[in-house]
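The values are calculated or read from the model by the stated rules, or taken from the named source; none is laboratory data. Keep in mind that this is a model prediction, so the values were computed, not measured. For neighbour counting, all protein chains shown are included, and Cβ atoms are generated from backbone atoms with ideal geometry for every residue, glycine included. Heavy atoms of the whole protein, side chains included, go into the accessibility calculation; ligands, DNA and RNA do not. Shrake-Rupley method; radii C 1.70, N 1.55, O 1.52, S 1.80 Å.
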Amino acid sequence: MESAPPLRIESLTHRYGDLLAVDDLSLEVGAGEIVGFLGPNGAGKTTTLRVCAGLLALEKGRVTIAGADLAATPLLARARLGLVPDEPFLYERLTPAEFLEFVAALYDVPESLAALRSSELIERFELVAAAGELIETCSRGMRQKVSIAAALLHDPPLALLDEPLTGLDPRAVRALKDLLRERAARGLGVLVSTHLLEVAERLCDRVVIIHRGKKRAAGTPAALLAGRAEATLEDVFLALTGDAEPAS
Amino acid sequence: MNARGVLRGRARALRNALFGRGAKRAALRPRGPLYSLALVAVAAWIVHSGFAALLAALARPGAPPAVLRAALALALDVALAGVLLFDLESAVSTLILDRDLDLLRAAPLPPRSILAIKLLDALPRAAAPLVVVALPALIAAAQTLQAPAAAWLAAPVVLALLWAIPLGAGTALALAWLARVPARRVRESLGLVSTLAFAALWLTNLFVLPRIAAEEGEPLERVRALLAAAAPALARTPGGWAAALLGGAPAGEIARSAGALAAAAAASVALAALVASRHLTGVLAAARTPVARPARRRAKRPLPAGSDRTLPARSLRSANSAHPLPTRPARRVPLFIAVMRRDRRLFVRDWTVLGDVLTAALLWTCLPLLALPLRPLRSPWLVRAMLLALAVGLGYEIAARAFPLERRGAAWMRLAPVRARSWAAARFASAGALALALVGVAGASLGLAARLGAEEWLATLAAVIPALALSVTLGLWTGAAFGDPTWTNPRAVLTLGGRLVAAALVVAQMTGWLVLTAAEESGSGSYAWLLPWLPGLAAIGLSAVAVGAVARRINRGGYAIP
Ligand SMILES: Nc1ncnc2c1ncn2[C@@H]1O[C@H](COP(=O)(O)OP(=O)(O)OP(=O)(O)O)[C@@H](O)[C@H]1O
Ligand SMILES: [Mg+2]
């Protein structure tokens with residue numbers, strides 16, 4: 001069990017009606033590893049992350065989170081992951097502090113520990129002034145910070161982040177990167193979807209590129225560049241995902 | 001404004017909502033609106049049959065056409081009152097709170113155009129009384145009165161004019177009022193409108209209906225006499241004008257009525273346009289001002305002293321935990337407490353959501369104290385029946401809003417490592433506690449006014465509490481199954497179909513409990529000993545089924561995350 005990777009996806013397939021959104025996708029995130037999840041708009045990144053987090057039904061394939069099978073032991077699996085959704089799931093009429101307190105109770109984090117962690121995260125993301133105001137009055141970036149804090153509050157072995165940089169200012173981006181690296185150094189596995197290729201190149205140990213639900217490439221940024229004509233990750237991305245739209 | 005383009009866009013949105021579109025059509029579950037339409041059709045059909053039967057009964061002994069026209073006028077006026085009481089509020093919310101308003105506000109449109117677009121949007125939402133009451137009544141009357149073809153052709157125009165009168169005048173009034181309240185109270189004021197409408201309905205229910213039912217004499221004769229007496233007054237209302245047009249009145253009256261109807265509708269709409277051009281921009285800006293609140297003291301809680309780093313890890317996931325555990329035995333917040341705490345905060349800060357419920361409970365508490373001493377209430381059965389009605393109505397109103405109140409936050413029900421059954425139970429506890437408190441206060445006042453004895457108290461409680469439990473669980477289920485997480489109008493947190501289903505459930509429960517109460521009152525025979533236990537048993541069984549259904553809904557992610 002100790003050696004189980006934070007995330008293992010085996011031949012995951014997901015359909016919306018007739019539309020094949022994720023097609024036989026397999027990938028693994030090891031302990032302490034930060035994996036970038038790249039792909040053009042509509043590639044299936046959000047769908048994959050939502051299935052792994054239990055928000056969408058797991059129809060075909062297998063997902064294991066730190067050894068817990070998502071289909072067989074959904075509660076255990078959910079307890080072992082934190083999700084930063086593409087649009088935050090917040091209560092408009094709670095303050096960030098109250099919201100974090102509620103989320104901590106959902107994940108069974110003891111009260112005093114939760115207070116400690118949430119005040120640490122609040123300070124880290126410079127939310128101290130906003131912590132007592134209603135989320136309703138928070139800016140987009142502040143909401144995003146609250147959402148990230150909520151996902152990491154129970155200190156899960158796996159973090160799934162869906163475009164977590166949306167709305168963040170440069171200082172907050174740096175704070176998030178530092179936080180992820182710090183936690184990864186202690187064993188956190190991270191799967192982060194992003195469109196910012198420079199960020200992916202510098203932050204991630206590995207990247208996975210998907211296109212129309214299928215995995216197109218995976219490896220370290222350096223390995224993806226090796227032996228190819230393209231000079232940057234951006235060029236590789238564009239070459240791998242550039243084929244024309246299928247007629248539909 | 002490019003009116004054709006706007007109209008085309010709206011028509012497309014409607015079509016896509018009804019029938020879906022594109023390759024992912026199947027995934028979007030476009031059947032919901034179709035079910036709603038089917039339910040509306042059934043309701044309209046029921047009204048049509050009932051009204052046709054009434055007209056036929058009235059016409060058989062040869063009542064003059066004026067009486068039949070008066071009946072039609074009354075039905076149309078009732079529909080108009082329905083528009084004013086219930087739909088004005090949803091039309092004004094559509095006009096002020098709809099999500100596309102930011103887009104419209106940013107576009108170079110004059111307020112008049114925004115008003116026109118949004119009233120068009122409000123049409124399907126604010127036309128239910130017309131479709132369910134006015135239209136079937138018109139059709140039944142036309143059949144009974146053998147209306148000429150011209151009347152059939154004019155009917156849609158007449159209906160549109162009828163609809164414009166309350167909506168135009170009401171919107172003008174509402175906007176003028178909203179322009180005068182402080183910005184941060186606009187949303188609340190809007191809630192107040194619905195609260196008053198709701199209170200009016202409860203009042204009628206409570207006082208008028210029992211009186212009418214208790215009048216002496218042959219019912220049909222009384223109805224005919226009442227209609228004949230009211231005919232001259234009714235002829236001077238919008239419903240009367242429309243009835244004259246469609247019910248074959250003498251030519252002179254037709255001309256006069258047509259003029260009056262058209263003039264009233266035009267004046268209404270012109271008034272709305274005038275007020276909108278003055279105030280709409282300001283009201284829209286005000287409605288978007290968030291309810292600012294002073295910073296809370298609790299935000300900076302003191303950190304637990306001496307975070308000891310020596311304690312062994314508690315759980316498997318603390319093995320590589322980033323944080324030390326405190327030395328004292330860690331206190332966890334049970335889910336129930338966390339949910340109740342959250343609900344209390346959300347509710348106190350958004351009281352309009354349940355404002356109408358509170359008003360109803362307040363009325364139920366005060367009215368017996370004021371009114372009963374005047375007319376002594378002898379029967380404990382009547383007390384019980386009234387409390388049963390309150391329990392069913394209140395339990396549903398509170399519980400049905402539990403899930404929709406969470407909006408996007410409902411995603412945590414799928415995300416957090418908490419069993420769906422625990423969620424359902426926690427919601428039950430939270431909604432049930434509030435409902436129980438309100439019913440308890442109202443029941444105490446009613447019971448004191450009626451001077452119930454100890455035994456009667458017990459018997460009443462034994463009937464009312466199961467009814468409350470069942471209505472809360474069924475309310476939770478309707479909220480989970482039909483909740484609209486993007487609601488703007490606190491009286492419409494369920495989809496239209498959901499509201500119809502909920503209404504059917506409430507009626508069924510009330511009927512069931514009243515039948516049981518009546519059976520117990522006249523109880524004799526071999527199974528009479530069972531009757532006092534039946535409510536409890538039935539409620540436990542049905543509630544368990546409903547809670548199971550709620551849990552399944554949560555598990556399936558039935559509550560859509562937008
Ligand atoms: N609720 C839904 N119903 C139907 N189809 C959907 C739904 N959500 C997503 N899709 C479709 O599934 C496919 C994958 O979408 P997904 O949101 O996973 O893409 P993504 O990689 O996250 O894109 P983006 O970079 O734009 O966020 C797209 O074709 C999208 O249109
Ligand atoms: Mg996405």
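Of everything in the stretch A:156-165, what is away from ligand 2 (no atom under 16 Å from the Cβ) and open to solvent by less than 10 Å² (accessible area, probe 1.4 Å)? Give them in sequence order.
Once the filter is applied, which keeps residues that are away from ligand 2 (no atom under 16 Å from the Cβ) and open to solvent by less than 10 Å² (accessible area, probe 1.4 Å), the stretch A:156-165 yields A:PRO156, A:LEU158, A:ALA159.
Within the stretch A:194-201, is even one residue more than 9 Å from every other protein chain (Cβ to nearest Cβ), farther than 30 Å from A:PRO40 by Cβ and buried (at least 20 other Cβ atoms within 10 Å of the Cβ)? Full working, then the answer.
Of the stretch A:194-201, the ones more than 9 Å from every other protein chain (Cβ to nearest Cβ) are A:194-201.
Okay, now just the ones that are also farther than 30 Å from A:PRO40 by Cβ, so none.
Within the stretch A:194-201, not a single residue is more than 9 Å from every other protein chain (Cβ to nearest Cβ), farther than 30 Å from A:PRO40 by Cβ and buried (at least 20 other Cβ atoms within 10 Å of the Cβ).
Could you list, in sequence order, the residues of the stretch A:130-164 that are assigned to a loop (DSSP other than H, G, I, E, B) and more than 25 Å from A:PRO5 (Cβ to Cβ)?
Those that are assigned to a loop (DSSP other than H, G, I, E, B) and more than 25 Å from A:PRO5 (Cβ to Cβ): A:GLU133, A:LEU134, A:CYS138, A:SER139.
Under 7 Å between Cβ atoms, which residue pairs at least 6 apart in sequence (or on different chains) link something in the stretch B:252-272 that is of a type in the set (Val, Ile, Thr) with a partner that is crowded, with 16+ Cβ neighbours inside 10 Å?
B:ILE254/B:ALA244; B:ILE254/B:LEU245; B:VAL269/B:ALA164; B:VAL269/B:GLY168
What residue, among those in the stretch A:46-87 that are more than 19 Å from B:ARG553 (Cβ to Cβ), facing chain B (nearest Cβ under 10 Å) and within 16 Å of ligand 2 (Cβ to nearest atom), is most open to solvent (accessible area, probe 1.4 Å)?
By that ranking, first place goes to A:GLU87.
Would you say A:LEU56 is farther than 19 Å from A:GLU28 by Cβ and either within 16 Å of ligand 1 (Cβ to nearest atom) or outside any strand (DSSP E or B) (or both)?
Answer is yes for this residue.
I'm trying to understand the selection: among the residues of the stretch A:60-89, which are under 22 Å from B:ALA410 (Cα atoms), within 16 Å of ligand 1 (Cβ to nearest atom), touching a residue at least 24 places away in the same chain (Cβ under 8 Å) and of a type outside the set (A, V, I, L, M, F, W, C)?
Matches in the stretch A:60-89: A:PRO85, A:ASP86, A:PRO88.
Taking the conditions exactly as written (open to solvent by less than 10 Å² (accessible area, probe 1.4 Å) and touching a residue at least 60 places away in the same chain (Cβ under 8 Å)), does B:LEU74 satisfy them or not?
no
Name the single residue that is most open to solvent (accessible area, probe 1.4 Å) among those in the stretch A:98-129 being under 23 Å from A:ARG78 (Cβ atoms) and part of a loop (DSSP other than H, G, I, E, B).
Only one residue fits best here, namely A:ASP108.
Taking into account only those residues within the stretch A:1-10 that are part of a strand (DSSP E or B) and open to solvent by less than 50 Å² (accessible area, probe 1.4 Å), which is nearest to A:GLU33 (Cα to Cα)?
Applying the filter and picking the extreme gives A:LEU7.
What residue, of A:LEU121, A:LEU116, A:LEU49, is within 16 Å of ligand 1 (Cβ to nearest atom) and modelled with pLDDT of 90 or more? Give the derivation first.
Numbers: A:LEU121 fails: within 16 Å of ligand 1 (Cβ to nearest atom); A:LEU116 fails: within 16 Å of ligand 1 (Cβ to nearest atom).
The conditions single out A:LEU49.
Could you please give the count of residues in the stretch B:274-291 that are surrounded by fewer than 18 Cβ atoms within 10 Å (Cβ to Cβ) and either more than 34 Å from the chain's Cα centre (by Cα) or small (Gly, Ala, Ser) (or both)?
3
For the subset of the stretch B:329-348 comprising residues that are of a type in the set (Lys, Arg) and open to solvent by less than 30 Å² (accessible area, probe 1.4 Å), which member is nearest to B:PRO490 (Cα to Cα)?
My answer is B:ARG345.
Given the criteria of a type in the set (Asp, Glu), open to solvent by 10 Å² or more (accessible area, probe 1.4 Å), facing chain B (nearest Cβ under 8 Å) and within 16 Å of ligand 2 (Cβ to nearest atom), does A:GLU92 qualify? I'd like the intermediate steps shown before the answer.
Details: of a type in the set (Asp, Glu): yes; open to solvent by 10 Å² or more (accessible area, probe 1.4 Å): yes; facing chain B (nearest Cβ under 8 Å): yes; within 16 Å of ligand 2 (Cβ to nearest atom): no.
Here the answer is no, as A:GLU92 does not meet what is asked.
If the Cβ limit is 6 Å and pairs must be 6+ apart or interchain, which residue in the stretch B:472-490 that is under 11 Å from B:PRO404 (Cβ atoms) pairs with which residue that is assigned to a loop (DSSP other than H, G, I, E, B) and polar (S, T, N, Q)?
Short answer, once both residue conditions are applied: B:PHE482/B:THR495; B:ASP484/B:THR495.
Return yes when A:ALA150 is closer than 22 Å to A:ALA66 by Cβ, at the interface with chain B (Cβ under 10 Å from one of its Cβ atoms) and either hydrophobic (A, V, I, L, M, F, W, C) or open to solvent by 10 Å² or more (accessible area, probe 1.4 Å) (or both) and no when it is not.
yes
In the stretch A:13-41, how many residues are more than 17 Å from A:LEU203 (Cα to Cα), assigned to a strand (DSSP E or B), open to solvent by less than 40 Å² (accessible area, probe 1.4 Å) and not acidic (Asp, Glu)?
6
Every residue in the stretch B:416-455 that is of a type in the set (A, V, I, L, M), assigned to a helix (DSSP H, G or I) and under 16 Å from B:ALA480 (Cβ atoms), please.
Within the stretch B:416-455, B:ALA420, B:ALA424, B:ALA425, B:ALA426, B:ALA429, B:ALA431 meet the criteria.
Could you grab me the full set of residues in the stretch B:423-447 that are within 14 Å of chain A (Cβ to nearest Cβ) and either within 21 Å of the chain's Cα centre (by Cα) or open to solvent by 10 Å² or more (accessible area, probe 1.4 Å) (or both)?
B:ARG427, B:SER430
(1) in contact with a Cys (Cβ under 6 Å, 6 or more places away or on another chain); (2) more than 16 Å from ligand 2 (Cβ to nearest atom): which one isn't true of A:GLY36, the others all being true?
Only one criterion in (1) in contact with a Cys (Cβ under 6 Å, 6 or more places away or on another chain); (2) more than 16 Å from ligand 2 (Cβ to nearest atom) is unmet by A:GLY36, namely (2).
Tell me the residue from B:ALA140, B:ALA151, B:ALA169 that is more than 28 Å from the chain's Cα centre (by Cα) and in contact (Cβ under 8 Å) with a residue 60 or more places away in the chain, please.
After applying the criteria, what remains is B:ALA151.
Identify all residues within the stretch A:42-53 that are within 17 Å of A:PRO156 (Cα to Cα) and in a loop (DSSP other than H, G, I, E, B); write none if there are none.
A:ALA53
Can B:ALA420 be described as within 14 Å of chain A (Cβ to nearest Cβ), surrounded by fewer than 24 Cβ atoms within 10 Å (Cβ to Cβ) and under 17 Å from B:PRO334 (Cα atoms)?
yes
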